[in-house]
């Protein structure tokens with residue numbers, strides 16, 4: 001069976017509804033991938049995730065190699081046996097963590113930032129904690145200060161042991177502050193690393209707890225059209241069965257959407273496309289319209305912990321539960337939501353829990369935001385099944 005099958009394609013556009021087939025179940029796409037950095041989604045259990053309708057999660061190779069160690073996880077049945085989440089797993093390579101400790105810290109930026117080469121504003125001058133070479137990335141462990149080296153081969157070995165269904169190779173992310181020359185060199189290094197990762201993947205076939213693993217390729221190139229298009233063609237041409245879009249996505253949301261268009265325009269239609277680290281409601285809809293199938297992002301769960309609750313019944317799709325206006329509000333966060341928080345508790349109670357620092361808040365808020373993401377993605381798939389193009393305003397029901 002092919003990894004990915006398209007069920008519905010919107011006429012005259014790139015948006016599509018499909019199925020991603022894995023050894024631990026099919027994923028109906030477009031789908032949001034919940035972030036389980038250290039083999040768990042913070043504040044909730046695997047049973048919670050299943051009851052919410054979450055289809056798949058993503059773990060972080062960087063963090064799992066540091067603790068408890070890939071060998072430990074592998075000896076305990078891989079991520080499925082170790083964590084208790086029996087559905088499909090993704091693992092990223094840790095490449096973004098290498099970026100955040102390196103160029104991200106040095107330049108003070110993330111994936112999308114109001115900065116670009118030639119910008120006249122003073123450039124942030126942080127200190128990189130990473131040394132990048134052709135061999136790989138060298139950094140100090142945040143746990144004990146020891147030196148750690150990630151190579152394309154060692155990352156593949158670790159992810160074989162982790163046993164995720166869908167795996168990403170080591171890549172070099174770039175910053176919006178990086179010059180075109182640097183971005184091009186980093187992109188070409190990512191391509192060389194991709195070839196090494198493929199060779200290591202073939203050499204280690206069927207050595208982990210999950211014999212049905214699949215390796216995606218990663219497209220880089222910053223916000224430069226020719227680099228992105230070239231990278232997309234090269235990565236697809238190497239034979240990866242799926243593709244992720246990574247790295248710096250420009251200095252604005254419009255830049256990001258343009259980068260996604262360039263990449264998907266160059267990819268074969270039968271390859272699933274994953275957008276790394278992007279997950280707000282508006283961004284997801286815009287990326288789906290451009291042909292992206294899956295997304296991972298810490299935003300929904302991080303926002304929950306910080307007091308921002310998603311609500312498809314609010315005009316802006318969210319509310320800040322910490323503010324005093326909710327102190328006596330008897331309504332649920334979202335009257336249309338069927339999560340535990342909305343079924344049994346008021347906005348006033350959640351406001352009280354957060355302001356009081358009660359741990360119960362973090363569980364209820366996380367359950368709610370994840371359930372909202374599940375409902376939102378289900379709504380997108382329903383719109384696509386009807387042959388229509390999704391719009392955020394059509395997925396919100398203010399009342």
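The values are calculated or read from the model by the stated rules, or taken from the named source; none is laboratory data. This is a predicted model, so every value here is computed, not measured. Counting neighbours? That spans all protein chains shown, and the Cβs are built from the backbone with ideal geometry, glycine included.
What are the residues in the stretch 7-51 that are within 17 Å of the chain's Cα centre (by Cα) and under 15 Å from residue 374 (Cα atoms), if any? Residues satisfying the conditions are 27, 28, 29, 30, 31, 32, 33, 34, 35, 41, 49. Scanning the stretch 210-223 for residues that are more than 22 Å from the chain's Cα centre (by Cα) and modelled with pLDDT of 95 or more yields no hits at all.
For every residue, the table says whether it meets (1) out of contact with any strand residue (DSSP E or B) (no Cβ under 7 Å at 6 or more places or on another chain); (2) closer than 18 Å to residue 244 by Cα; (3) modelled with pLDDT under 90; (4) not assigned by TED's automatic domain parsing to the domain that holds residue 361.
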{"residue": "28", "(1), (2), (3), (4)": "no, yes, no, yes"}
{"residue": "51", "(1), (2), (3), (4)": "yes, no, no, yes"}
{"residue": "69", "(1), (2), (3), (4)": "yes, no, no, yes"}
{"residue": "104", "(1), (2), (3), (4)": "yes, no, yes, yes"}
{"residue": "110", "(1), (2), (3), (4)": "yes, yes, yes, yes"}
{"residue": "122", "(1), (2), (3), (4)": "yes, no, yes, yes"}
{"residue": "125", "(1), (2), (3), (4)": "yes, no, yes, yes"}
{"residue": "134", "(1), (2), (3), (4)": "yes, no, no, yes"}
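A count restricted to the stretch 4-23 and to residues that are buried (at least 18 other Cβ atoms within 10 Å of the Cβ) and outside any strand (DSSP E or B) stands at 3.
Being within 30 Å of residue 11 (Cα to Cα), at pLDDT below 95 and assigned to a helix (DSSP H, G or I) is the requirement here; does residue 381 meet it? Criteria not met by residue 381. Looking only at residues in the stretch 73-102 that are at pLDDT below 95 and surrounded by fewer than 23 Cβ atoms within 10 Å (Cβ to Cβ), the one that is farthest from residue 60 (Cα to Cα) is 102.
Has the stretch 151-160 got any residue that is more than 30 Å from residue 89 (Cα to Cα) and either modelled with pLDDT of 90 or more or not assigned by TED's automatic domain parsing to the domain that holds residue 216 (or both)? Looking for residues that are more than 30 Å from residue 89 (Cα to Cα) and either modelled with pLDDT of 90 or more or not assigned by TED's automatic domain parsing to the domain that holds residue 216 (or both), one finds none in the stretch 151-160, hence no. Summed over the stretch 228-246, the residues that are over 23 Å from residue 201 (Cα atoms) and surrounded by fewer than 22 Cβ atoms within 10 Å (Cβ to Cβ) give a count of 2. The set of residues in the stretch 174-190 that are out of contact with any strand residue (DSSP E or B) (no Cβ under 9 Å at 6 or more places or on another chain) and within 17 Å of residue 92 (Cα to Cα) contains only 174.
Filtering the stretch 322-363 to residues that are outside any helix (DSSP H, G or I) and closer than 20 Å to residue 50 by Cα leaves 336, 337, 338, 339.
Within the stretch 196-209, none of the residues are crowded, with 21+ Cβ neighbours inside 10 Å, more than 19 Å from residue 153 (Cα to Cα) and in the same structural domain as residue 106 (by TED's automatic domain parsing). When we screen 249, 267 for residues that are more than 20 Å from residue 167 (Cα to Cα), surrounded by 17 or more Cβ atoms within 10 Å (Cβ to Cβ) and in contact (Cβ under 8 Å) with a residue 24 or more places away in the chain, the only hit is 249.
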